[in-house]
1. Summarise the partner chain shielding of B:293-300 as one whole number: the mean count of Cβ atoms from other chains within 10 Å of each residue's Cβ.
2. Normalising by the residue count of region B:1-62, find the relative contact order in percent from Cα pairs under 8 Å and 6+ residues apart.
3. Quick one: net charge around B:GLU560, please, counting Lys, Arg +1 and Asp, Glu -1 for every other residue with C-beta under 9 Å from its C-beta.
4. For region A:2-101, compute the number of Lys pairs whose alpha carbons are separated by less than 19 Å, excluding pairs fewer than 8 positions apart on the same chain.
5. Using only alpha carbon pairs under 8 Å that are at least six residues apart, calculate the relative contact order of region B:260-317 and give it in whole percent.
6. Counting other beta carbons within 10 Å of each Cβ, put B:ILE198, A:ILE99 in order, fewest first.
7. Could you work out how far the C-alpha centroid of region B:446-484 sits from that of region B:102-166, in angstrom?
8. Could you tell me, in Å, what Rg and Dmax come out for the Cα atoms of region A:2-101?
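Every number here is computed from the coordinates shown, using simple stated rules; none is lab data. The shown structure was predicted, so the numbers you read here are calculated from the model rather than taken from an experiment. Cβ placement follows ideal geometry from the backbone for every residue including glycine, while neighbour counts extend to all protein chains displayed.
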Amino acid sequence: MTIVSHLSAAGDVMKIGIQGRFDFGSHHDFRETYDKTDSSIKEFHVDMAKTTYLDSSALGMLLLLRDHAGSDTVIKIINCNTDVYKIFEISNFDQMFDIIPAS
Amino acid sequence: MSESQQLKILITEDNIADCLIINKLVKDQGYRTVIAHNGLESIESYKKEKPDIILMDALMPQMDGFEAAKRIKLLVGEDFVPIIFLTSLSDDISLVSCLEAGGDDFLSKPYNSIVIAAKINAFKRMVVLHRTVQEQRDEITRRNEYLLQEQKIAKRVFDNVAHLGCLGAPNIKHLLSPMSVFNGDVLLASKKPSGGMIVFLGDFTGHGLPAAIGAMPVAEIFYGMVAKGFGVETILEEINKKLHIILPVGFFCCACIIDMDYSWQRIKLWNGGLMDVLLKDNEGQVLSYPSSHLPLGILSPDKFSSECVNSDMKVGERIYLFSDGIVDLQDKQGNEFELDGFAGFLFENKNPDEIFEHVIDQDKLSGEANAESNDDVTFVEITMVADDVIAGKHELVESSEQHGARDWVMSFEMFDHTIRDFNPIPLMLHVTMEVPELRAFNNDVCMILSELITNGVDHGILGLDSNLKITANGFQEYYNLRNARLNQLSGESLHISLRHKPNKFGGVLIIRVVDTGSGFDVRKLNVGFPEMSQLSGRGIPLLRTLCESVVYEGSGNTVEAVFRWKNTQDDT
């Protein structure tokens with residue numbers, strides 16, 4: 001599991017890429033990526049292109065990000081493969097996040 | 001042991017001169033020494049002195065160093081006692097023999113004090129490290145045992161709270177395989193006071209203590225509210241509200257609740273975050289009810305939706321619920337036991353009695369292959385059964401309580417908004433339960449109240465035709481029409497009055513319900529209603545079974561039911 005983050009040149013979009021398993025073991029690293037950010041960020045993009053596994057604690061971590069970002073900030077979960085998309089569908093997380101399948 | 005003086009070194013050497021030299025060299029380093037002159041003595045010294053490091057000559061009379069090293073290594077068990085061979089041999093074969101005998105290193109003759117000091121120091125560090133690791137391991141084992149013991153006790157408390165209900169009912173089969181002592185899953189089932197049953201399956205994020213702590217209030221709310229006659233929507237709203245308050249952000253409970261209505265052969269279902277619920281009907285079709293809500297505990301009460309799906313379910317039909325762990329199960333071919341696969345399996349399997357057992361077998365197989373299951377797995381099968389409402393048993397209530405309300409009248413009137421939004425039954429039952437012995441008849445009273453109030457609202461005020469409910473489509477139409485009309489109420493009211501009078505054998509409860517609807521032809525109803533169909537006419541015959549009398553008056557918008565109860569203890 002590796003988590004990489006990248007801030008856009010304008011400083012308003014943060015991209016968080018999750019490689020490998022996204023589970024309880026990612027808790028610390030995932031939190032660290034956004035913990036020091038402030039309200040200047042208008043969008044978070046969580047990139048699932050290289051995510052191989054997702055469990056319910058990962059959903060919980062996304063809720064923590066949602067809580068940190070506040071309701072005015074857009075959170076997009078991008079590049080979801082079929083399996084990952086299915087998990088978001090079952091949990092109805094599309095009500096809280098923009099879930100975008102891999103093109 | 002950390003002090004070099006305390007390190008004890010066993011020197012085994014048959015040559016007296018060599019022995020004196022090495023003994024001096026080692027002592028000069030500040031270590032204690034013990035001397036043995038052959039293999040046998042070395043073994044005896046080891047047993048008696050328990051040295052930390054052994055220096056062993058290879059070639060000795062009586063027993064050589066190779067044999068002695070082998071035997072000592074057997075004696076040390078899981079401790080680490082390095083054996084360093086003292087040897088003038090330098091050919092590879094001899095050195096390999098030293099290693100094979102359990103030797104850890106060599107010292108070549110002639111001896112060099114610097115090399116000896118370096119080797120002893122290196123092994124001393126290893127011995128210390130080995131002991132530290134062992135001590136920590138033992139400490140962890142002790143703590144783990146203590147923790148497991150605590151969890152076992154806590155689990156008994158948890159089980160007493162969570163398994164109060166009717167999970168043992170013959171129409172429920174379930175499989176719970178806990179990952180640790182506690183399972184992130186909670187399965188609750190309780191009979192409704194008005195007949196039928198409500199089943200709740202929840203899967204908390206995480207396992208163990210955090211999940212079990214969340215499950216406690218869920219179980220309390222569920223059993224408390226079902227017993228008081230609340231509907232599934234209200235129960236869900238209450239559980240969601242509680243979990244939203246107590247769970248930290250990021251923790252939630254995927255859940256499904258099913259209200260089994262035996263008398264109408266209907267189910268009401270809410271699925272938030274669990275796998276598709278599957279229903280196999282008597283024609284062999286498989287219907288799925290996917291999750292249509294966020295899990296419990298995420299949304300604040302104002303955003304939460306308890307909207308349920310209504311569906312037909314005939315006697316003998318089975319419904320299947322899963323926690324998400326089931327997808328990790330593997331079938332015999334080693335394929336992922338995906339839900340699609342299970343739906344296909346359900347579809348193909350002709351004998352419904354075998355389905356549950358098949359899944360259990362799969363679980364055992366995967367359990368053997370992979371002892372550490374990744375998630376909790378809960379699998380539940382519920383079968384629709386025929387109406388069992390009449391079979392309700394009356395549990396005895398201690399009649400020593402001479403207190404309590406016995407002789408009273410209560411009157412309650414609801415208007416438009418309250419008719420639409422409020423379920424008066426829990427309130428009514430709360431009052432009737434103030435009559436101590438009447439508590440044993442809680443189910444009967446709840447059923448009578450439900451029937452009278454539903455009839456008053458649905459048929460009296462809303463003017464709905466119960467014949468609509470005969471077909472599946474009709475049922476949906478009935479509900480849609482009901483909701484639409486409830487939203488348009490204007491100037492309507494429903495008046496409920498309860499009167500209780502005690503007598504020598506028990507008491508009489510008179511329930512009177514008056515609605516502002518236009519009524520119907522009472523004569524037609526009171527002469528018995530042979531024209532009513534089996535399905536839609538159950539309510540009133542049921543009332544007649546339970547009550548001494550049920551009489552419609554006026555234009556049919558007033559009904560009075562008399563429920564006479566006897567204290568069962570007086571009969572025996």
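1. Values: counts 3, 7, 8, 0, 1, 9, 2, 0.
For this peptide, the per-residue mean of nearby foreign Cβ atoms is 4.
2. RCO, region B:1-62: 45 percent.
3. Result for the neighbourhood of B:GLU560: 0.
4. On the way: A:LYS15/A:LYS36; A:LYS15/A:LYS42; A:LYS15/A:LYS50; A:LYS15/A:LYS76; A:LYS42/A:LYS76; A:LYS50/A:LYS76; A:LYS50/A:LYS86; A:LYS76/A:LYS86.
Count of close lysine pairs: 8.
5. 44
6. By the 10 Å Cβ count, ascending: A:ILE99, B:ILE198.
7. 69
8. Computed over the Cα atoms of region A:2-101, radius of gyration and Dmax are 12.4, 35 Å.
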